[in-house]
Every structure is written in C-alpha cells, then in structure tokens.
Amino acid sequence: MRMLYSSKIKTYMFHKYLIIILALTISCNSNSKPTETKQEGITVLGDGTKVEDAVERIPERVEDAVESREEPAETNETSDHSEDIFQPTPFIAKILDQLGVQPKQVYEEFVVQKVMPYDTSSTIVVIPTVASQEYDWEVFTLNSYVLVVDSETAKIKQQFYEKESWYSDAIELREIGIDTANYMVAEGKRAFGVTLYYIGASRPNPMNSKTLSLFIQEENTLVQILDEFEIHSFWGEWDVQCTGEFTKVDKILIMDTNPYNGFYDIKVRVETKNIESFEKGEDDCDEKETTQTSKQLLRYYDSYQLYSRTYVLEETASCGLEIKLTGDQYHLKTSKREHTGTYKIQDGYITFKGLLADNPKREVQGSYSKDEIVIQNYGNAMNQFTVFEECSDQKYLRLVLED
C-alpha cells in the first residue's frame, strides 16, 4: 500500500510539473515572433501567412497611401513628413485661411512681409504657392499672391493673384523682397514694389539679375502697374581662372512730375560697366573697367512701358527707312535690312552702335534733335561714302518724329 501511495504521489507531482512547463512554454511563445518555415520555396510565417501573399498586397497599400495624401484620413498617427510642411505664424495662418490655401501648398522660403512705413496700419505680404515642381525642386513654378492686410487682425484689404507667374530652373529664383521706396506715381497714389532676384548656375557664363514690379491700391484690389522691370543685371564669360569679359548694368528709378495718362513719367538712370579681367604676371589677375551712363523713360499706357519714339522719312523714298528708339535701344528697318542695337546721343549727334555703313564700313551717325534725325546718305567726289545703298535716291535722309 505504501509503495502504491508513493507511486501515486510521484505521478501526481510529474503531472503538476508538466502542466507548469507547458504553461511557461505557451507564455513565452505568445511574446515571440512567428517562426518561419520553408514550403516549396515560399516562406511561411508561423501564423500561416505567406510572404508571397503579402508582396501581392503591397501595390494596393501604396495606392491607398497616395490617396490618403490627397485626402488625409482621420488618424492619431503623426505623418513622417510633418516636419516638411510649412508651419505658418498665427498672422500668416489667418491670411491663408481667408485665401483658402493649405500650408502644404505654400513655398515657405519666399514668404515675406513688411509694414508700410507710410501707413503702419497696413502690412504688405507676399505668399507664393507651388504650381508645379520637377527634378526634386530643381525646377519649379509658383503662383503669386501679393496682399495688403490689416497689421493687427491680418484681414485682407487688397490682393493681387497671378497663376504660374514665377519660374525657377537653370536660372534660379533665389530671393523675393518688398520695396517701399517713395514711388509716388500720381497725385495721392504711392506704389510699392516686389523684387525678384535670379542667379545662373553656369561658372563659365555667370549671370544674375533683379527685377522690380510696382503695385498700387485700388479699393478692394491691387493693380500691377510695372511688370518685372530689370533694375540690375550682370553677365559675362571667362576661363574660370582669370581671363574674361563682364557687363554690369544698374538702373535707378527717379519719379518725375510730368503726367501722362494720369500717371507721372519715371526717369531711369542707367549705369553700364564693362569689365575686362586679365592675367598680370604668373599668379595675379587685374581688371580694366569702363563706365557709361544713359537714360531711359518709363511712361504709363495701360501699364508702365519703356517710352518709344518712331522716326519716319519726311519725304517718301523707295527704301522706306524707319528708326524706332526705345530706352537705349534702336531698331532700324529699310526695304533691304533690319538691325537692332544700342545708341548714344552726344553733342547733338546720334551714333547707332554696331550699325555699319555700306562704304566704308564705319558706324552710322546722324544729327539729332527730339523731333528729327538727319543722316547724310552719300558724299561727293572729294569725300566718297555711302550709308544705305537702297536709299541712293536721297542724299539727306531726314526722319521726323511720328505723331
């Protein structure tokens, strides 16, 4: 009996220990990763899911992810790209809400604002939004919002919008600014400016430029009266070491008091520097610089344009000579030729740069006044020359300002 009782005790203890071991084993397996087995070359997870099935479901999941970016589903999870989304200040956020623009649409780097120095209750704000982008932001197009808002409440007073107005590619848009100089364009009307700065990517052919657009406030809207007028430019070509030629042009706008179509003329003072760099010795470079000044005139038509003057022959001639002066550029046309370049007026004479007479080959000149240009077309036996052979029926080409 004692041996039978002892045997029962051992059997009971064995079963007890077996139950404990099984419980521990189940507990450990529930916290471990599914085991993998191989079945005819297909990996099978411990829960029976085939990796092959999981791979087949990936395209569907990607498609769902794309759709959720366009129309985000409600979720408590934080997006992996949340740091890339523009986080506007409360002031800018109020403006975006009025425009119906989402922060992710905004090109954050170029958002600028400035309180009007002549009306501190108003603030100028420029907000570019992305129209398109390519090649990982190497090429992009922006829509432009230019606004005047209440400095305290951010309520929009006037706005200007243009679709796909600013473009950046090999010539990179680097900076957007606000210019509040005293652009008094008419009695009681002061304009403000928006500037764009561009820079080229080529080292052998460097370039940069800056443009100015002017806006005026009209009731509930902003009106653009000058569209990206180039006020600075620099370009050239060099060997990336020392030798090269460069040109730099800077323009200063001076408000006039002469009205035309209700707006004052704008005088433009142009300074052009030609720079030649060259080697000096073995390890040194030097440069030679020449400077010229000229004038342009911006006049208001439907917007500010460079003022043009067209001169036509006073007497009819077979060659049909016509000269158009726009800013510091000329455009000359006859029945047999057409030429464009810059001109220079000095001591009562106008010189057409780069325009050569037929015989001998020298730059064409003529006497100049505001109302007429006179060119002697050919000489005599003592001084033989011909400027325009197609105009040989007239010795003096008298061109008068066209009304």
Which pairs do you get when a residue that is closer than 22 Å to Gly236 by Cβ, found in segment 283-303, comes within reach of a residue that is surrounded by 11 or more Cβ atoms within 10 Å (Cβ to Cβ) and of a type in the set (Gly, Ala, Ser), reach meaning Cβ atoms under 9 angstrom, with the pair 6+ apart or on two chains?
-> Cys285/Ser277; Asp286/Ser277; Glu287/Ser277; Lys288/Ser277; Ser294/Gly327
Does segment 183-199 contain at least one residue that is assigned to a strand (DSSP E or B) and in contact with a helix residue (DSSP H, G or I) (Cβ under 9 Å, 6 or more places away or on another chain)?
-> no
Within segment 302-332, can you find the residues that are assigned to a strand (DSSP E or B) and crowded, with 17+ Cβ neighbours inside 10 Å?
-> Tyr304, Tyr311, Leu313, Ile323, Leu325, Tyr330, Leu332
Output the qualifying pairs, or none if there are none: Cβ atoms under 8 angstrom, residues six or more apart or on different chains, first residue in segment 171-196 and more than 17 Å from Thr141 (Cα to Cα), second residue of a type outside the set (Asp, Glu) and not in a strand (DSSP E or B).
-> Thr180/Pro117; Thr180/Tyr118; Ala186/Gly262; Arg190/Tyr118
Loosely packed, with under 13 Cβ neighbours inside 10 Å, more than 23 Å from Asn258 (Cβ to Cβ) and either without any contact (Cβ under 8 Å) to a residue 12 or more places away in the chain or in contact with a Ser or Thr (Cβ under 7 Å, 6 or more places away or on another chain) (or both), is that true of Asp347?
-> yes
Complete set of residues in segment 63-103 that are assigned to a loop (DSSP other than H, G, I, E, B), modelled with pLDDT of 95 or more and loosely packed, with under 14 Cβ neighbours inside 10 Å = Thr89, Gly100, Gln102
Name the one entry in Val130, Val106, Val112, Val125 that is surrounded by fewer than 17 Cβ atoms within 10 Å (Cβ to Cβ) and without any contact (Cβ under 8 Å) to a residue 40 or more places away in the chain.
-> Val130
Among (1) in a strand (DSSP E or B); (2) within 23 Å of the chain's Cα centre (by Cα); (3) surrounded by fewer than 17 Cβ atoms within 10 Å (Cβ to Cβ); (4) free of Cβ contacts under 8 Å to residues at least 60 places away in the same chain, the one test that Ser202 misses | (1)
Find all pairs meeting these conditions: Cβ atoms under 9 angstrom apart; at least six residues apart or on different chains; first residue within segment 230-248 and hydroxyl-bearing (Ser, Thr, Tyr); second residue not in a strand (DSSP E or B).
-> none
Unmet criterion (only one of (1) on the phi > 0 side of the Ramachandran plot; (2) surrounded by 14 or more Cβ atoms within 10 Å (Cβ to Cβ)) for Phe385 = (1)
How many of the residues in segment 333-365 are not β-branched (Val, Ile, Thr) and not in a strand (DSSP E or B)?
-> 10
Spot the failing condition for Ala191; the list is (1) farther than 24 Å from Val111 by Cα; (2) among the small types (Gly, Ala, Ser); (3) more than 18 Å from the chain's Cα centre (by Cα), and only one is missed.
-> (1)
Hits in segment 238-291 (condition: loosely packed, with under 15 Cβ neighbours inside 10 Å, among the basic types (Lys, Arg) and within 30 Å of the chain's Cα centre (by Cα)) | Arg269, Lys273
Any chance you could count how many residues in segment 352-398 are of a type in the set (Asp, Glu) and farther than 26 Å from Asp328 by Cβ?
-> 3
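The values are calculated or read from the model by the stated rules, or taken from the named source; none is laboratory data. The structure displayed is predicted, hence computed values, not measured ones. Neighbour counts are summed over all protein chains in view; Cβ atoms, including those assigned to glycine, are modelled from backbone coordinates with ideal geometry.
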